[in-house]
Each structure stands twice: as C-alpha cells, then as structure tokens.
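First the structure, in the form of structure tokens, and then the observations on it.
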Amino acid sequence: MKLYTGFENQRILVLGLAKSGVSVAKLLNDLGAFVTVNDQKPLEENPQAQELVEAGIRVITGSHPLELFEESFACLVKNPGIPYSNPMIEKAIELGLPVYTEIEVAYRILEGNLIGITGSNGKTTTTTITSMILAEEFKNQKVFAAGNIGLPLSQLAETSTPSDFYVTELSSFQLMGIEEFKPKIAAILNLSTAHIDYHGTREAYIEAKLRITENQKESDFLVYNADDAELSQLVKTISAAKLIPFSRTKALTLGAYSDEENLYFNGEKVISRTSIQVPGEQNVENILAAIAITKLLGVSNQAIQTAVEAFKGVKHRTQFVAEINSRRFYNDSKATNITATQTALRSFGNKDIVLIAGGLDRGNGFEDLIPDLSSVETMVVYGQTKDKLREAAETAHIPTIIQVDKLNQAVNLAYQNSQEGDIVLFSPACASWDQYENFEIRGDEFIQLVEQIANLEQ
C-alpha cells in the first residue's frame, strides 16, 4: 500500500455499516484515525457493530444523534446506500465537512492497477468477465473483482501491491462520495434512468455516474459505449482521458466492435461470436467493454477467448436455473429497473415467455416496458408495484395476467400457467426493498422456489 498520513490523528465519523462500513472503519483505525461509527441498528441486534467494539473502535448504535457533530470531525464516511437527505449527512454538509464513501478512503493508499466500471446495466457481468480475462493472462499476479461485486476496496487496500489488478464495480451511490478517486481505466457501459428516489432527478443520477472520469488525466483511459448517443456526447465534453469506444452496431478504427461473426479491437479480430456462452446482445456489449479494457492492458487474444468461453453468466443476471418439464427458468433478480428487464426480454428473441415482475414502488410507471412485452404470454405481478405492472400488462394485451402479493405465489402460478417450450423469466424491473434486504436474497429465494418445483415434479 502507499504511505498516507492524511487520516492520522483525525476524528472521523463512519455512518452506517454493512460490509463497506465495517471495512472502512477498520482501515481508518489502522491508519491512525480516531474513528466513531454510528449505526441505526441496536447493538444487541448488530453483530457487525459488536465486531468493531471488540476491535477497540468506538461505536454508537440505535439512533443517529446530531449531537455527535459537537466533536469536530474532520470528515464523514457514509455507507453508499444512505441518502443525502439523511439528517446526519445534511448536518455534515451544513458544517462544511467532506462526505466520502469508502472507495475514496481506500484510494488514498491503494497501489496497483485500478479499473472502474459503471453504467446503468451490465456492471457486474463486465466486471466479472474483465477480472476473468486478467486472471487468465496474468497468472502470477493478483486480480480482484471488487466494489459492488466481491470485496470492498477498503478491505483490500492495506495489502495492495503495484502489480495487483482491482476491477471495481462502481455504483452512482459510491461515486457521489469521491474527491481524488481516479481509475487508470474507467468504463461507462450505458446510461438510462434509475435511482431517481435517491438522486432526485435523472440529471443528478447521470452526473453521479460521470464522476468516474472527473479526475482522469490525458494518460488515463475512458472506455464508453458508442451506441449510446447521449453518453457519446457527454464523454467528449467532460473527460480529459483518452476515449476508447466500443460498439455492437458499427465498425470502429479505434476501440472494440462486433459484426455478425466476430469481435474486434482496433480492427483486429479478437474472438468469434461462437466463443460467447451467454445469451443476449447485451452480453456482446459487456464482452466488448471487457475486451477494450483488457487490450489496453496488453492482454492476448488467447486469454480473452479462454475466459469468455469459460464465462457462463453471473448469478442473478439472466441466470439459467433449471429446466422442468421443458420449461426453462431464468433468474434475473438483478434487474432492478425497467431497462434491465427490457434487456432480459430481448435476450430470448421471439420465444414464449412467462414473466414474473414486481417489487419496490419508486413512483415511476411502466409505460416504457410495454413495447418489450410482445413475447410475453403470461405475466405474474407481485409486490408494491403489482397494480402498476398489471396496468402495463393490460395495455400490452398480454393474454394471461396474474396478480399476487408474494414471490412464492408468483413462481408457483407462473409454472402452473406455463407450457412446454416456455421461458419462465424472473426479471422484476424493480428494486427488492419492499420485501427483501437486497436483490441477492430475492434471487436466492427464486432459485429455492424453482428447486422445490423441480423436486415435486421428479
């Protein structure tokens, strides 16, 4: 790790726990800061807080007392999911305190090759493929998939070395809290409307995404989707980095692109499409982004081919679960917005689909989803958004529409109303937080429910 003394003897408030909060609290403590951790959950119900207490770190739980700010903190480090409307965040900003997320703290001491990947959709897949390619090429070096996937950067930073690779999935929430953070290679995969409940406006959301490149210099690289017209214009005006495009629709002299047979970089064939084992054109885009990133790092075509052929998909992202009586079940729980569900539906072409959707009501409608429902024969809707999704299904003239409250009801009825050859797709188009702590737990329940059906049908 790099020598950094900027946090030494500084009073720092860490707000919120989860993996990143625990990791950054321990890191700051190791860097000589006087750390105070504040978390809403009471201590007796909070094993993460108990862990920090045992490590000798000051922890205050059960509420968010504004009186804490009488202690003159140097900065606040927040859990990315805590909104800026939180009274503690508002107070910190009022007092002029820097408000960071853990990636900023980690960056100050991180050594190695830092790659940052963001976008509205495809981050996890691209991060996974990129890390697999690098691990295949650089077998004697450490490659980490970090950030929203894998381990928090703050858990890895203390043991970082110059030869390491850190392929880091970055959300808009994380990028809101940076100051110096700068990837050597950044990638923006696409831009759509998401997280308006957090950011307030689409413009604020996009501004947060673009922060991934705000500190980049001419010696750095920004990989971007040239098929996204809005993104293509924005990067040309806000980034000082060398721009490396990728495109699924047109040939490029610089960057990565595909035709009906192959994927290329700077005009050279890298792999054939037959190497790709996951369905959907969105995965061609994800692989093109990974090719652009890894070719900038000198990776061979053979390493890319080997890794891409080994990649069978990411859990919760159009993940094949099982085939039961000629029905194929797919788990796309990571589809927390309309765009992701549109992408999943398009992956299956004209095959008959039984769609399960629903979740947290963020105030948006589902009109944009209607054109992509043409292949849906049955739609099962649940959760807070079930009424809105039913309206969209009725407008799309879906033959069978079923409305329930819970996912377990939805899965059983989806199976009962399916036919041989159907795709049963769980792609919620909504966040999970109406009934689940996160999309992973939601997706795991879907997998368990499908397994229960499979056992009964044996």
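The values are calculated or read from the model by the stated rules, or taken from the named source; none is laboratory data. Just so we're clear, the structure is a prediction, and the values are computed from it rather than from any experiment. When we count neighbours, we look across all protein chains shown, and the Cβ atoms used for this are built from the backbone with ideal geometry, even at glycine. Just the protein is used for accessible areas: all its heavy atoms, side chains included, with ligands, DNA and RNA removed. Shrake-Rupley method; radii C 1.70, N 1.55, O 1.52, S 1.80 Å.
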Q: Round to the nearest 0.05 the FRET efficiency obtained for Glu70 and Glu179 when R0 = 25 Å and r is the Cβ-Cβ distance.
A: 0.50
Q. In a Debye calculation with equal point scatterers on the alpha-carbon sites of the stretch 39-107 and no solvent, what is log10 I(q)/I(0) at q = 0.15, 0.16, 0.21, 0.25 Å⁻¹?
A. -0.55, -0.63, -1.07, -1.31
Q. With point charges of +1 on the Cβ of Lys and Arg and -1 on the Cβ of Asp and Glu, referenced to the Cα centre of the stretch 323-419, which listed residue (Asn412, Ile356, Ser375) lies farthest in the positive direction of the dipole?
A. Asn412
Q: Please report the relative contact order for the chain, taking Cα pairs under 8 Å with a sequence separation of at least 6, and give it as a percent rounded to a whole number.
A: 11
Q) In the calculated pair distance distribution of the stretch 292-387, what percentage of Cα-Cα distances lie above 24 Å? A) 37
(Q) One quarter of the convex hull surface, Cα atoms only: what value does that give for the stretch 133-218 in nm²? (A) 6.8
Q: Please give the contour-minus-distance gain from Val284 to Asn262: 0.36 nm per residue of separation, less the Cα-Cα distance, rounded to one decimal in nm.
A: 6.9 nm
Q) Which whole-number percent is the relative contact order of the stretch 135-222 (Cα, under 8 Å, 6+ apart)? A) 27
Q: Let me know the whole percent of all Cα-Cα pairs from the stretch 265-339 that are separated by more than 22 Å.
A: 34
Q.
Can you give the Rg/Rh ratio of the stretch 72-146, where Rg is from the C-alpha atoms and Rh is the Kirkwood radius?
A. 1.12
Q: Compute the projected area of the convex hull of the Cα atoms of the chain, averaged over all viewing directions, and report it in nm² to one decimal place.
A: 22.5
Q: First select every other residue whose beta carbon is under 9 angstrom from the beta carbon of Gly21; then total the charges, Lys and Arg +1, Asp and Glu -1.
A: 0
Q: Using only the alpha carbons of the stretch 42-192, determine the length spanned along each of the three principal axes and report them from longest to shortest in whole angstroms.
A: 52, 38, 27
Q | Environment charge of Asn215, counting only residues whose C-beta is closer than 12 Å and scoring Lys/Arg +1, Asp/Glu -1 | A | -1
Q. Within the accessible area of the chain, what % is carbon and sulfur when the probe is 1.4 Å and the other protein chains stay in place?
A. 46
Q.
Taking 2.2 N^0.38 Å as the expected size of a compact globular protein, what ratio does the Cα radius of gyration of the stretch 217-342 give against it, to two decimals?
A. 1.17
Q | Probe 1.4 Å, accessible area per residue of the stretch 178-310, Å² | A | 41
Q | Local net charge near Glu104, Cβ-Cβ under 9 Å (Lys/Arg +1, Asp/Glu -1) | A | -2
(Q) Suppose we flag GluC sites (Glu not before Pro) only when DSSP calls them loop and at most 11 other Cβ atoms lie within 10 Å. Which is the longest uninterrupted stretch of the chain? (A) 9-179
Q: Please work out, to two decimal places, the log10 of the ratio I(q)/I(0) at q = 0.09, 0.11, 0.13 Å⁻¹ from a Debye calculation in which every Cα of the stretch 158-289 carries one identical scatterer.
A: -0.30, -0.44, -0.62
**Q.** the stretch 398-438: Rg to Rh, with Rh as the Kirkwood radius over Cα pairs
**A.** 0.99
Q) Nearest 0.05, what FRET efficiency do Glu367 and Lys41 give at R0 = 41 Å with Cβ-Cβ as r? A) 0.60
Q: Take every Cα pair under 8 Å in the stretch 323-458 that's 6+ residues apart, average their separations, divide by the length, and report that relative contact order as a whole percent.
A: 38
Q: Please get the size of the charge dipole for the stretch 108-247, origin at its Cα centre, with Cβ charges of +1 on Lys and Arg and -1 on Asp and Glu, quoted in debye to the nearest 20.
A: 140
Q. Of the trypsin sites (Lys or Arg not before Pro) in the stretch 192-254, which ones lie in a loop per DSSP and count no more than 15 other C-beta atoms within 10 Å?
A. Lys217, Lys250
Q) How big, on average over all directions, is the shadow cast by the Cα convex hull of the stretch 321-458, in nm²? A) 6.9
Q. How big is D, in µm² s⁻¹, for the stretch 371-449 by Stokes-Einstein at 37 °C and 0.692 mPa s if Rh is the Kirkwood radius over C-alpha pairs?
A. 251
Q. Binned at 10 Å from 0, what are the whole-percent values of the Cα-Cα distance distribution for the stretch 351-405, short to long?
A. 27, 60, 13, 0
